[in-house]
Structure formats: C-alpha cells, structure tokens
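Okay, structure first, notes after.
Read-outs throughout are calculated quantities, based only on the coordinates presented, and are distinct from any laboratory measurement. Quick caveat, the model's predicted, so the values are computed rather than measured. Glycine also receives a Cβ, built like all others from the backbone with ideal geometry; neighbour counts cover every protein chain displayed.
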Amino acid sequence: MSLNNIEEISFCIHQDAPKIHCLTNPVTMQDVANLLLAAGGSAVMGQDEQEVEEITSFCHGTLLNTGVPDIAKIQACILAGQKANVLGHPVVLDPVGAGASTFRRKELQKLLQAVHPTAVRCNQEEAVVLCSLLSDTDSPEKHGGVESSLQMAERDVCLIAGQAASLLNCTVLITGKEDVVSDGKQTQILTGGDSRIRRITGGGCMLSALCTLFLCTDTSAFDAVRAAGALWRETALEAGRRTDAEKSGIGSFHVHLFDVLEEKLMYTSKHKF
Ligand SMILES: Nc1ncnc2c1ncn2[C@@H]1O[C@H](COP(=O)(O)OP(=O)(O)OP(=O)(O)O)[C@@H](O)[C@H]1O
Ligand SMILES: Cc1ncsc1CCO
C-alpha cells in the first residue's frame, strides 16, 4: 500500500502512534516532544552512547538534529543512525547551523560518511553548506549561525535541493520563504504559510520531527516529506489567522501552532475513517 494523502497518513499515525528517537538540541527539545505528541506520535530523547542503540531499536524512526553539537553527541548520532539504517527505520537529519563553525562542518562530514539519512530537512544556507561538504567545494563565506544568511531565487533553491538529494541519495526539504522538496528525480515547491514562524525558534526543528513521524507510515519518502512540509505551512497560516483574530502576539502564535496541528491531524483521522 502506498499512502498518498494526509488523511491516510494521519489515520496511520493515530493507529500506530510511532515513537521517534530524537537526538536533538536543548533549545527546542520540549517543542519537538510536544509537537510529536500533538501530532499523534511520541518522542524518546536519549543521547548517551551507552543507550542510543537500544532506544533506536524500540522506536520507529530516528531524528538526528545536530544543533548544539559536541563530540559525544555526534558519536551518539552515528551509533543511533547506523542502528536505524540496519533496522530499516527512517532517519531524518537536521544539520542545524551546518556552516557556523569548522567543527560543525567536520563533524557533519563524519556523520554523513557513517549514516545514510532517509531525508534531510534544512534551511537554504545549511543546504549550500551540505552540498559543499559533499562535493569538496567552498562553503559560503557569510554565515547566519542557525538562521539562513541566504535568500536564494526559487530556481536556485530547486537546483540545490536536487543536487543535495542526488549527492545524498535521499529526499531533501529546503525551507525558507518557499519550501522545496526533491528526491533528485522529482522536485516540488511549497508555498503559503505565515512568515511569523521565523520569529519563534524551532520552526524548522519541529518540522524535521514531523517529517520523521510521517516517514514512519507506509508512504514514499518524497510524499511523506512533502506532506509534512505542506501541513506545517498550512498550520502556520491558520495559527496566524487565530493570532490576528485575537489581536495577540508571537507567544500566542507559538501556542496556536500546536492546537492547529492537533486539530488538522485529529480531524482528518476521525472523519475520514
Ligand atoms: N518567509 C517565510 N514565510 C513563510 N514561512 C516561512 C518563511 N521562512 C521560513 N518559513 C517556514 O518556517 C519553517 C521553518 O523553516 P526555517 O527555514 O525557518 O527553518 P530553520 O532555519 O531550520 O528553523 P529553526 O532553526 O528555528 O528550527 C518552515 O515550515 C518554513 O516553510
Ligand atoms: C538557536 C539555536 N541554536 C542552536 S539550535 C537552535 C534552535 C534552532 O535550530
């Protein structure tokens, strides 16, 4: 069976309640755990190398978010990612701030030599850095830390997404003003959303978790990642509408994201099946 739409994906998630092993960063850890619960899955956080393989084994998907990296964290990501690869579990890489330091670039290169991600979710700058690491070309000189310093033309984002997908042999979702999803053979642009999502930290980290959850259903990697990207943009759009209706601010927008996501997934799974 191949699941093609959000109703079917949502139904599967609520039936199976996939557990996601999240090796993530302390800045957005709680949001990532709450997002997975709101969506119908759950998170298990654990990143000591003595336990990661065991935790990966009983989970259904693995999220490797390399924000706030250190040597031990990267080693744990390698062990968890390799275990997930052996078990055939989906692995999502979120290479937060990939170009922020020489250390991050070196450690990411090591991780990518050891682990094959099913999907990568990143911003434009992180995608350009990944491509430079994989093809031994120069990285961009200007860096925005964990935010993207680049605002590329849509056509260039499509090219980078296709290049990264081919180099990594996986599905790549590059987020920004528009999102681009590619598996190297097919590429799609996602629009809509609400730019206020850039004023909370973790909008990308939460989306990477949602991609991992959707990849735990019986659908192709391209369709799962595209569905997660599209749903997250629709969620932001509706969260923005509710924030405006209440004349509220960014804190309310943040909370509405969880309410809207839960409603969108609950509604579709309850009413369609
Ligand atoms: N200008 C924009 N307008 C609308 N939506 C946007 C805009 N920029 C980013 N987004 C959306 O915000 C979400 C996060 O993407 P972003 O590129 O900000 O990730 P990120 O930099 O990795 O975030 P973080 O590091 O805070 O987790 C995506 O769903 C993306 O579609
Ligand atoms: C701000 C920040 N620094 C490392 S991770 C993170 C959260 C957004 O990815």
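Quick one: what Rg and Dmax do you get for the chain from the alpha carbons, in Å?
17.2, 51
Counting other C-beta atoms within 10 Å, which of H116, H256 has the fewest, and how do the rest follow?
Placing the least packed residue first, the sequence is H116, H256.
Which cross-chain or sequence-distant (5 or more) residues have an amide H under 5 Å from the amide H of L190, H modelled 1.01 Å from N in plane?
D179, V180, V181
Mind putting together the pair-distance distribution for the stretch 1-141? All Cα pairs, 10 Å bins, whole percent per bin, short to long.
Pair shares across the bins are 12, 41, 33, 13, 1.
May I ask you to sort F103, F214 by Cβ crowding, counting other Cβ atoms within 10 Å and putting the fewest first?
Result, fewest neighbours first: F103, F214.
Arranged by the count of other C-beta atoms within 10 angstrom, fewest first, what order do K142, K110 take?
By the 10 Å Cβ count, ascending, the order reads K142, K110.
What are the ³J(HN,Hα) couplings of the stretch 43-55, residue after residue, when phi is run through the Karplus curve with 6.51, -1.76, 1.60 and θ = phi - 60°? Round to Hz, x for glycine and proline.
Coupling constants for the stretch 43-55: 10, 10, 9, x, 9, 8, 4, 6, 10, 4, 5, 4, 5 Hz.
So what is log10(I(q)/I(0)) for the stretch 184-269 at q = 0.11, 0.16 1/Å, when the Debye sum runs over its Cα atoms only?
Once normalised to I(0) and log-transformed, intensities are -0.31, -0.63.
Using θ = phi - 60° and the Karplus curve 6.51 cos²θ - 1.76 cosθ + 1.60, what whole-Hz ³J(HN,Hα) does each residue of the stretch 83-94 get, with Gly and Pro shown as x?
Residue by residue, the stretch 83-94 yields 4, 4, 4, 4, 7, x, 7, x, 10, 10, 9, 10 Hz.
Beyond a 22 Å Cα-Cα separation, which of these cross-linked pairs lie in this structure: K142/K185; K83/K110; K73/K185; K142/K177; K19/K73?
K142/K185; K73/K185
Could you estimate the translational diffusion coefficient of the stretch 1-73 from the Stokes-Einstein equation, with Rh from the Kirkwood formula over C-alpha pairs, at 37 °C and 0.692 mPa s, in whole µm²/s? Numbers along the way, then the final one.
Numbers: Rh = 13.3 Å.
Translational diffusion coefficient: 247 µm²/s.
Which of the peptides 143-153, 163-173, 120-130 is most tightly packed, and how do the rest follow, judged by the mean count of other Cβ atoms within 10 Å per residue?
Most protected by this proxy first, the peptides run 120-130, 163-173, 143-153.
Given bins 5 angstrom wide, list per bin the percent of all Cα-Cα distances in the stretch 164-220, short to long.
4, 16, 22, 27, 19, 9, 2
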